[in-house]
Amino acid sequence: GNSVTQMEGPVTLSEEAFLTINCTYTATGYPSLFWYVQYPGEGLQLLLKATKADDKGSNKGFEATYRKETTSFHLEKGSVQVSDSAVYFCALSDNDYKLSFGAGTTVTVRA
Amino acid sequence: NAGVTQTPKFQVLKTGQSMTLQCAQDMNHNSMYWYRQDPGMGLRLIYYSASEGTTDKGEVPNGYNVSRLNKREFSLRLESAAPSQTSVYFCASSGAAPGNTIYFGEGSWLTVV
């Protein structure tokens, strides 16, 4: 079956630091890959996505590249801000449209 | 821009009580979902509805029932609440094609005592 594994948190960074959150997946088909973000007390929002191998998703300074050879979709941001403090979820969707989520990584950025 | 709207936002139940979580979307999406979120476990799919008139079990369906009332609405019912059902519940919707973005509601915080 499908599964997503992402690095455990929590992750604490200083403002302007580089952020990487690792995500690897197992899927039977050719999934689409997503990063969702959840700010405190809110629902999940799509951050970025990639639908085929070698695609790069990007949004708000975040990037992730769909690597089929390593079954990975690592999230990166070059310079984080306090407002990036949130829980980040890696997810995949196979041909049946349902999302399978990783456990989530809590990121705290200190001023 | 309502998107996905779910009610109630907060609810406290006693063990054995029943309740229904309501969800509606205004994006003309075919597919709708109910997830629960528990610490350290990400989101797990309870039930989904690929299209109006169909529902299917997800990863953790026990103790829940759903109704796809029409294309817009998808409700989740707890017939006899248990403390293990204390969680945050999210309704979501998407178009019916692989790779479509799934849009989430703001969540319903449920505590069963």
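The values are calculated or read from the model by the stated rules, or taken from the named source; none is laboratory data. Not measured: the values here are computed from a predicted model. Glycine gets a Cβ as well: all are built from the backbone with ideal geometry, and neighbour counts include every protein chain shown.
Scanning segment A:15-44 for residues that are among the polar types (S, T, N, Q) and either surrounded by 13 or more Cβ atoms within 10 Å (Cβ to Cβ) or not in a strand (DSSP E or B) (or both) gives A:Asn22, A:Thr24, A:Thr26, A:Thr28, A:Ser32, A:Gln38. The residue that is nearest to the other protein chains (Cβ to nearest Cβ), among those in segment A:85-111 that are closer than 14 Å to A:Leu46 by Cα and surrounded by fewer than 22 Cβ atoms within 10 Å (Cβ to Cβ), is A:Val87. Among what's in segment B:96-113 and is more than 8 Å from every other protein chain (Cβ to nearest Cβ) and more than 20 Å from A:Val37 (Cα to Cα), pick the residue that is surrounded by the most Cβ atoms within 10 Å (Cβ to Cβ). Within segment B:96-113, the match that is surrounded by the most Cβ atoms within 10 Å (Cβ to Cβ) is B:Leu110. The residue that is farthest from B:Ser49 (Cα to Cα), counting only those in segment B:79-95 that are more than 9 Å from chain A (Cβ to nearest Cβ) and not in a strand (DSSP E or B), is B:Pro83.
In segment A:20-29, the condition of being under 15 Å from B:Asn100 (Cβ atoms) and of a type outside the set (Gly, Ala, Ser) is met by no residue. Cβ-Cβ distances below 6 Å connect the following pairs, each with a first residue in segment B:80-99 that is at pLDDT 95 or above, a second residue that is charged (D, E, K, R) and outside any loop (DSSP other than H, G, I, E, B), and a separation of six or more residues or different chains: B:Ser87/B:Arg36; B:Tyr89/B:Arg36. Of all the numbered requirements in (1) crowded, with 16+ Cβ neighbours inside 10 Å; (2) on the phi > 0 side of the Ramachandran plot, B:Phe90 misses one, and that requirement is (2). Quick one: in segment A:45-70, of everything that is more than 14 Å from chain B (Cβ to nearest Cβ), on the phi < 0 side of the Ramachandran plot and touching a Phe, Trp or Tyr at 6+ places or on another chain (Cβ under 9 Å), which residue is surrounded by the fewest Cβ atoms within 10 Å (Cβ to Cβ)? This residue is A:Lys56. Selection of segment A:43-84 for residues being touching an Asp or Glu at 6+ places or on another chain (Cβ under 6 Å) and among the acidic types (Asp, Glu) yields A:Glu63, A:Glu76. Check whether at least one residue in segment B:56-73 is among the β-branched types (Val, Ile, Thr), within 25 Å of A:Gly9 (Cβ to Cβ) and part of a loop (DSSP other than H, G, I, E, B), and report yes or no. Yes: one or more hits. Just one of (1) over 12 Å from the mean Cα position of the chain (by Cα); (2) within 21 Å of A:Thr24 (Cβ to Cβ); (3) surrounded by 16 or more Cβ atoms within 10 Å (Cβ to Cβ) fails for A:Phe73. It is (1).
Taking segment B:36-56 as the range and being within 11 Å of chain A (Cβ to nearest Cβ), surrounded by fewer than 14 Cβ atoms within 10 Å (Cβ to Cβ) and either within 15 Å of the chain's Cα centre (by Cα) or among the small types (Gly, Ala, Ser) (or both) as the test, the residues that pass are B:Gly40, B:Ser51, B:Asp56. Restricting A:Ala17, A:Ala50, A:Ala27 to those that are hydrophobic (A, V, I, L, M, F, W, C) and in contact with a Lys or Arg (Cβ under 7 Å, 6 or more places away or on another chain) reduces the list to A:Ala50.
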